[in-house]
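The values are calculated or read from the model by the stated rules, or taken from the named source; none is laboratory data. Everything numeric here is computed off the predicted structure, so don't read it as measured data. Because the Cβ atoms are built from the backbone with ideal geometry, glycine has one as well, and the counts that use them run over all protein chains shown.
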Amino acid sequence: MKLEGKEGSKNIDDRRGRRGGMSGGTKAAGGIGLGGLIIVIIIMLMGGDPSEYLGAAGGGAAAPSTQTSAPAQNLEEDTEEFQIVSKTLRDNEKIWGQLFPQNFNRRYQEPILVVFEGQDRSACGFASAATGPFYCPADQKVYIDLQFADLLRKRFRAPGDFALAYVVAHEVGHHIQNQLGYSQQVSQVRQRGSEKQANAASVRLELQADYLAGVWAHYADRYSNLLEEGDIREALVAASAIGDDAIQKQSQGYVVPDSFTHGTSEQRVRYFTAGYKSGDASKNSLDYFFTAREL
């Protein structure tokens, strides 16, 4: 990515250096131990609302942290990972700020991105590097521990700055879904439908978020002068690495399709690619990529 000199986002809540009021041990205040973290990373990795599992395990969602802090004044002196997420978020703000009025006749509401280390609290519950980045619709914030970049490189073998940028864009996609009502549709299915139906609805939400990340990459590549050769390949490797089938094979040695909540590796690559190639953010297109399981 061509990061040098790029503008960072002002919508960053930098909580690094503190623990969000939680202890630094292996159990969170709500009682989620290491076994729970393994379940969370398998089920909730890369997006969605983790509050259902976390609330059940911890006796209810944790209260969000009320503390805020600003990022470093000189962004160029911060870590590479922080620059990636801040500048990626800013580029998403610019692009979706233009696409929303054009396609939905409304103003885009920018999300807050919370950067923390170790452990933190969200309005949806517990947050840690092991839970993976996620979007919390209850407070309209994206949460990420930058150590997740190490997890992408080492565990999922998905290196590169644009792999992390894809993660941010995917979570911004969930914020867009929340604004447009898709998240609410899935929540209704989760409340009223069977577990199989709820999982299928979650897959649709995740794949559409991958499509939205691809739409952002389309414009970032053509108009932001942000992408370099090989960046899209990094995103595709990351999307493939975190497919439900790939994660289940790695963690338990076999695949249970009915338990999928994010889609297969092939699906995630396909939906991101479709967004990247088309750049189509129209409602008809988003409706299609929300309902279609196959292209």
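What the table shows:
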quantity: Subset of the stretch 162-182 (residues that are out of contact with any Leu (no Cβ under 9 Å at 6 or more places or on another chain) and either part of a helix (DSSP H, G or I) or within 11 Å of Ala213 (Cβ to Cβ) (or both)); calculated: His175, Asn178, Gln179
quantity: Residue within the stretch 103-126 that is small (Gly, Ala, Ser), over 24 Å from Tyr219 (Cα atoms), at pLDDT below 90 and touching a helix residue (DSSP H, G or I) at 6+ places or on another chain (Cβ under 9 Å) present; calculated: yes
quantity: Positions within the stretch 177-220 being among the aliphatic types (A, V, I, L, M) and closer than 17 Å to His262 by Cα, in sequence order; calculated: Val186, Val189, Ala198, Ala200, Ala201, Val203, Leu205, Leu207, Ala209, Leu212, Ala213
quantity: Of residues in the stretch 196-226 being in contact with a Lys or Arg (Cβ under 6 Å, 6 or more places away or on another chain) and aliphatic (A, V, I, L, M), the one farthest from His170 (Cα to Cα); calculated: Ala198
quantity: Odd one out for Tyr223, checked against (1) among the hydroxyl-bearing types (Ser, Thr, Tyr); (2) farther than 18 Å from Asp287 by Cβ; (3) within 18 Å of the chain's Cα centre (by Cα); calculated: (3)
quantity: In the stretch 227-281, residue farthest from Lys154 (Cα to Cα) [restricted to those that are modelled with pLDDT of 90 or more and touching a Ser or Thr at 6+ places or on another chain (Cβ under 8 Å)]; calculated: Ser278
quantity: Gln109 surrounded by fewer than 23 Cβ atoms within 10 Å (Cβ to Cβ) and in a helix (DSSP H, G or I); calculated: no
quantity: Any chance Tyr166 is buried (at least 23 other Cβ atoms within 10 Å of the Cβ) and either in contact with a helix residue (DSSP H, G or I) (Cβ under 8 Å, 6 or more places away or on another chain) or not hydroxyl-bearing (Ser, Thr, Tyr) (or both); calculated: yes
quantity: Any hit, the stretch 115-132, residues being more than 20 Å from Gly8 (Cα to Cα), surrounded by fewer than 23 Cβ atoms within 10 Å (Cβ to Cβ) and aromatic (Phe, Trp, Tyr); calculated: no
quantity: Considering residues of the stretch 138-154 that are touching a residue at least 60 places away in the same chain (Cβ under 8 Å) and either in contact with a Phe, Trp or Tyr (Cβ under 6 Å, 6 or more places away or on another chain) or surrounded by fewer than 21 Cβ atoms within 10 Å (Cβ to Cβ) (or both) only, the residue nearest to Leu89 (Cα to Cα); calculated: Leu146
quantity: Unmet requirement for Gly58, which otherwise passes all of (1) surrounded by fewer than 21 Cβ atoms within 10 Å (Cβ to Cβ); (2) at pLDDT 80 or above; (3) in contact with a Phe, Trp or Tyr (Cβ under 9 Å, 6 or more places away or on another chain); (4) farther than 21 Å from Ala281 by Cβ; calculated: (2)
quantity: Any hit, the stretch 143-162, residues being out of contact with any helix residue (DSSP H, G or I) (no Cβ under 8 Å at 6 or more places or on another chain) and of a type in the set (A, V, I, L, M); calculated: yes
quantity: The lone exception for Val40 - which of (1) crowded, with 19+ Cβ neighbours inside 10 Å; (2) modelled with pLDDT under 85; (3) part of a helix (DSSP H, G or I); (4) over 16 Å from the mean Cα position of the chain (by Cα) it fails; calculated: (4)
